[in-house]
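Written below as structure tokens is the structure these notes are about.
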Amino acid sequence: MRKLQRSYIREILDAINERTISFAGGLPNENLFPIQDIKKATNKVLENPLSLQYSKSQGVITLREKIAKIYCEKFDFPTNKDEILITTGSQQAFDIIAKTFLKEELYVQSPTYIGALSAYKVLNLDIKSFDELKELETKLNPQNGFYIMSDFTNPTGRVLSKERREKVASLLNKTGSCLIEDGAYSLIDFEGDIRKPVAALYENSFHLGSFSKIVAPGFRVGWIRAKKELIDQIIISKEAIDLHTSTFNQMILDEYMNEFDVFEHIKEVRKEYQSKMKFMAECFEKYIPSFKFKRPKGGMFIYGSFEEDSFELAKKALENDIAFVPAQVFFHDNRKSTEARFNFTNSTFEQIERGVKRLAELLDK
């Protein structure tokens, strides 16, 4: 029997307690959830008994129309409702795309999102990483896949420039590989900039989005944007797993977007997260000047490098009620690293300062 390993981050979330200051999980700030607006939308949805019924495998039509409109108006990426498939979070998207289209091999950025790595490892794909695009010119082909984040990459927070996106698209057009582009953080640019995805420049592509970071993760509602012929094939894999994503949750989000402007809410999220990022950065600069990092321009994480093995430091920190994620778990080959990822969105300002100070004390011992 093949032995499977849980996600390091999920294990950390299980291990923390009420004393722990956690910078580990990519948790949105629950104080920003639009609870009163969601309550109003939920009450309206419950007037319709179909909200508790089975629904279309591809997803609620009006919700798909709204997502398609976001692609047209915000991403400059012409899209219609038939090119959207609603998924049970982006995590399900990784699974059903891989099951349907990937044979054996997948190339990922180095380092890359641990949730994607976990999904692909479970499917026993041969995962390979790259540092420079030129490495892929002789490796990508129509039989393998290519997974990237273009905006505020998890864990590093990097953003692909327009020129870089065009280079990636050019490479893919030459090689024919399957592109899986994860846009989980694309709408959380602190200045409100929204960039055209690589997927808009390449047809054999899947662009993934989610309401988890922009509304609330508890709904477990995400989506895949792809041309209709590809969507028609993926639906078969989705139906085999869950028939369809929760009708109730989809209809609540749909009604919420009928009644309220989700981008006004996202503005509040961006403002709060930018403030938290700046404060955490200042704390690092003040208390741990040896921690080297660049301030991100969006997303939910600060990523940087210590002067010692971050995995060992993370273990010591957890014993002292501080949680963060060492970079080792973001590499498909589990290589040792001094780098680490810190989430700034789900802690108070007081917790951020106290946590960084406590980590500084550990480093001084």
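The values are calculated or read from the model by the stated rules, or taken from the named source; none is laboratory data. This one's a predicted model, so the numbers in the text were calculated from it and none came from an experiment. With ideal geometry, Cβ positions are generated from the backbone for all residues, glycine too; neighbour counts draw on all protein chains shown. What goes into the accessible areas is simple: the full protein's heavy atoms, side chains included, and nothing from ligands, DNA or RNA. Shrake-Rupley method; radii C 1.70, N 1.55, O 1.52, S 1.80 Å.
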- Task: Might you work out the accessible area of K292 for me, using a 1.4 Å probe with all protein chains in place, and round it to the nearest 10 Å²?
- Result: 130 Å²
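How large is Rg over Rh for segment 175-294, taking Rg from the Cα atoms and Rh as the Kirkwood inverse mean of 1/r across Cα pairs?
1.06
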- Message: I'd like the trypsin sites (Lys or Arg not before Pro) in segment 112-218 restricted to DSSP loop residues with at most 16 other Cβ atoms within 10 Å, sorted by number.
- Response: K139
- Match the structure shown to one of the listed values [x] 58, 54, 46; [y] 96, 42, 36; [z] 65, 44, 42 of Cα extents along the principal axes in Å, computed from it, and give that label. [x]
- So the carbon and sulfur contribution to the accessible area of segment 65-136, 1.4 Å probe, in percent, is 44 percent
- What whole-number value in Å² describes the accessible area per residue of segment 245-365 for a 1.4 Å probe? 44 Å²
- Note on the structure: Expected field for H265, accessible surface area in Å² at 1.4 Å probe radius, rounded to 10, holds 20 Å²
- Task: Multiply the residue separation of E361 and E163 by 0.36 nm, subtract the distance between their alpha-carbon atoms, and state the gained length in nm to one decimal.
- Result: 67.0 nm
- Would you please state the base-10 log of I(q)/I(0) at q = 0.23, 0.27 1/Å for segment 287-349, with intensities from the Debye formula using one equal scatterer on every alpha carbon? -1.08, -1.32
